[in-house]
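Reading through the structure tokens given below for one structure.
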Amino acid sequence: MAASVAFLLLSLQSVAAEQIDPKIYGKMLKVNTPMFDRMAHAVLEKLPSDSRVLDLGSGPGEPTLTLAKKGSQLAHYRIHVTCTDFQQAMVDKAIARIKDEGVDNVDFAQTSADDLSKWGDGAFDAVMANFVLMFVPNKEKALQEIARVLKPGGYAYTAVWKELPFYKLAHDAIEEVAGKDMPEFAIQPLKLKEDNAVEDLATAAGLEIVSSEVLDYPFNLGSVKDTADGTTILAGGMLKELEQAGDSEATKKFYSAVEDIIQKNGWQNELSGEVSVPGAKPQLLILHKRGSKSEL
């Protein structure tokens, strides 16, 4: 998968996009609609009327699509978004999805967030990095590159996870199956959960902190099976290892463990059967590059 944990992460650089079940991916993507909407709104609040925006680690095209659609609905705005991801397979998914929506103010590129050499200094009015920085190998370089490609006076918008009960659900379930403590998943969305983790990197890159807010929303995931399907995005690698080590029932046990944890925590609606995992808390950070366009 690529960036934002599929659902979470939209640019996970360690799992091939081709291996993701599109149906699972689609459901997981939707849970982060509150952040896509909030980031797009924040970008539009500060953009000049004729603007270029770079979206890093967009996976299958978010928040690119949300921003492009909102911007195209405003008569006084002309917004062009460059949608990128580390994996070309994810870029291809974004191209298809955005084409299906009839949106034409977007172009596409394959790149890592810590190598923006495709673009010159001051190329963009805004840069979005939604659920991607925690997966970038060189986070310091990524912030430096974001600062470089921003126009003087431009803004950057980052989202990282501070709390994610969905991750704990998956990890608790895999430990129950394994019968022992297990290491963190290879896909680790909480790498920047500590206080000031992104702020320190941004300040070192010469960016000013404008504001920080933490959203709080549930992961509404459908049925128990839908929820367990989603957790395999995180736990799939470990499940394969357990199966290869001789536990042919590992996946079946994992699905059962996920259900047990859901029931124990009271996360399933008794009437509808729908599961809602509460307490997902991502941080939206708005950063500013000093100066004015006249400096270019």
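Quick notes on this one:
- Taking a sphere under 11 Å around the Cβ of Ala113 and counting the other residues whose Cβ falls inside, with K and R at +1 and D and E at -1, yields a net charge of -3.
- Ranked by the mean number of other Cβ atoms within 10 Å of their residues, highest first, the peptides 87-93, 206-212 fall in the order 87-93, 206-212.
- Between Trp119 and any residue 5 or more places off or on another chain, the built amide H atoms are never under 5 Å apart.
- Interchain or long-range residues, amide H under 5 Å from Leu54's placed H: Thr82, Ala126, Val127, Met128
- Equivalent ellipsoid, the chain (semi-axes from 5 times Cα gyration tensor eigenvalues, Å): 35, 19, 18
- Cα-projected label distance for Asp100 with Lys225, points at 7 Å along beta-carbon direction, nm: 2.2 nm
- Which listed pairs, of Lys191/Lys252; Lys191/Lys289; Lys46/Lys289; Lys70/Lys281; Lys118/Lys141; Lys30/Lys70, have C-alpha distances above 20 Å, in listed order: Lys191/Lys252; Lys191/Lys289; Lys70/Lys281
- Judged by the mean number of other Cβ atoms found within 10 Å, the most tightly packed of the peptides 251-258, 130-137 leads the ranking 130-137, 251-258.
- Values of log10 I(q)/I(0), in the order q = 0.15, 0.19 Å⁻¹, for the stretch 65-223 under a Debye, Cα-only, solvent-free model: -1.00, -1.37
- Cα centroids of the stretch 241-296 and the stretch 71-133: 25 Å apart.
- Total formal charge among the other residues, if their Cβ is under 14 angstrom from that of Gly266, Lys/Arg +1 and Asp/Glu -1: -3
- Remark: the Cα gyration tensor places the stretch 177-290 in the oblate category, a/c being 1.5 or greater and a/b not exceeding b/c.
- The simple Förster model, with R0 at 30 Å and r as the Cβ-Cβ distance, assigns Ser117 and Asp92 a FRET efficiency of 0.85.
- Over the chain, Cα pairs under 8 Å with separation of 6+ residues give a relative contact order of 20 percent.
- Contour minus Cα-Cα distance for Ser272 and Lys69 (0.36 nm per residue): 69.8 nm
- Sum of -39500 (n - 2.57) over DSSP H runs of 4+, divided by residues of the chain (222 nm, nearest 500): -12500 deg cm²/dmol
Every number here is computed from the coordinates shown, using simple stated rules; none is lab data. None of these values were measured; they are calculated from a predicted model. Please note: Cβ atoms are built from the backbone with ideal geometry, for glycine as well, and neighbour counts cover all protein chains shown.
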